[in-house]
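Here the structure comes first, spelled out in structure tokens, and everything after it is commentary.
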Amino acid sequence: TWEPSHFYHNTVICRDAAFRNYYGLGWGGHLRNTERWVQNNIFVQRDGWPGTVVLPGEVENLHAQSNLHFGQGERPKPDSRYRPPESDLFVDPQFESDLSDWRTPAEASIPDKSPAVNAGNAIPKDWPDPLRDEDAGKPDLGALPHGVDMSAIGPASR
């Protein structure tokens, strides 16, 4: 059993598919006896596309909206076991860097032209969001709102 989770405003970049091709690189799996709120995220899979599977007995435990999914190659047809929310996008987020080569650092900032700009839903005021005031207009998808620089972290930031 997992505690109920709120997973929002994240950018998740993964090389391989989630176990059983679960929705949102795994956030849509193992939902029996728990609930998950998954919204305003960007899910990128470097090899293939992020999954859309949610098991029939668990659909009511997933509260998903306004997530962007992108991968390499042809987009697969949605799995018959789950229909993603109409607010989800299946497009290229147009990050500042190419994510196809794992050896190059990922720059996951979203440019002006990105479909992730102003594509999210407002999250409740009582949910923590340290960048809420930095985001003009509707919420942007992903970890960083458009125009907000990545924080310098680690030894190279000194």
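Key figures for this structure:
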quantity	calculated
The stretch 47-63 residues that are more than 16 Å from Trp2 (Cβ to Cβ) and assigned to a strand (DSSP E or B), paired with ones that are open to solvent by 30 Å² or more (accessible area, probe 1.4 Å) and not basic (Lys, Arg) (beta carbon under 7 Å, 6 or more apart)	Gly51/Ala17; Gly51/Asn21; Val53/Asn21; Val53/Asp79
Residue list for the stretch 119-134, restricted to those being within 14 Å of Asn10 (Cα to Cα) and of a type in the set (Asp, Glu)	Asp129
Checklist (1) closer than 22 Å to Leu25 by Cβ; (2) of a type in the set (A, V, I, L, M); (3) at pLDDT 85 or above applied to Ala122, failing item	(1)
Residue check, Asn21 polar (S, T, N, Q) and touching a Lys or Arg at 6+ places or on another chain (Cβ under 8 Å)	no
Per-region count, the stretch 1-51, residues of a type in the set (Gly, Ala, Ser) and within 23 Å of Ala119 (Cα to Cα)	5
Qualifying position, being open to solvent by less than 30 Å² (accessible area, probe 1.4 Å), within 25 Å of Asp135 (Cα to Cα), in contact with a His (Cβ under 7 Å, 6 or more places away or on another chain) and aliphatic (A, V, I, L, M), among Ile110, Ile42	Ile110
Ala119 closer than 18 Å to Val38 by Cβ, among the aliphatic types (A, V, I, L, M) and not in a loop (DSSP other than H, G, I, E, B)	no
Count - residues of the stretch 64-81 that are buried (at least 20 other Cβ atoms within 10 Å of the Cβ) and either under 21 Å from His6 (Cβ atoms) or among the hydrophobic types (A, V, I, L, M, F, W, C) (or both)	6
Filtered residue count, the stretch 36-46, keeping only those that are under 18 Å from Leu62 (Cβ atoms) and not in a loop (DSSP other than H, G, I, E, B)	6
Search result, residues across the stretch 116-143 that are open to solvent by 30 Å² or more (accessible area, probe 1.4 Å), among the charged types (D, E, K, R) and in contact with a His (Cβ under 7 Å, 6 or more places away or on another chain)	Asp129
Matching residues, the stretch 64-100, being assigned to a loop (DSSP other than H, G, I, E, B) and of a type in the set (Gly, Ala, Ser)	Ser66, Gly73, Ser80, Ser87, Ser97, Ser100
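Every residue, every condition in (1) closer than 22 Å to His146 by Cα; (2) not polar (S, T, N, Q), yes or no:
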site: Asn40; (1), (2): yes, no
site: Leu55; (1), (2): no, yes
site: Gln65; (1), (2): yes, no
site: Leu68; (1), (2): yes, yes
site: Pro76; (1), (2): no, yes
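The values are calculated or read from the model by the stated rules, or taken from the named source; none is laboratory data. The structure displayed is predicted, hence computed values, not measured ones. Don't worry about glycine lacking a Cβ; one is built from the backbone with ideal geometry, like all the others, and counts go over all protein chains shown. Note: accessible area is taken over every heavy atom of the protein model, side chains too, but ligands, DNA and RNA are not part of it. Shrake-Rupley method; radii C 1.70, N 1.55, O 1.52, S 1.80 Å.
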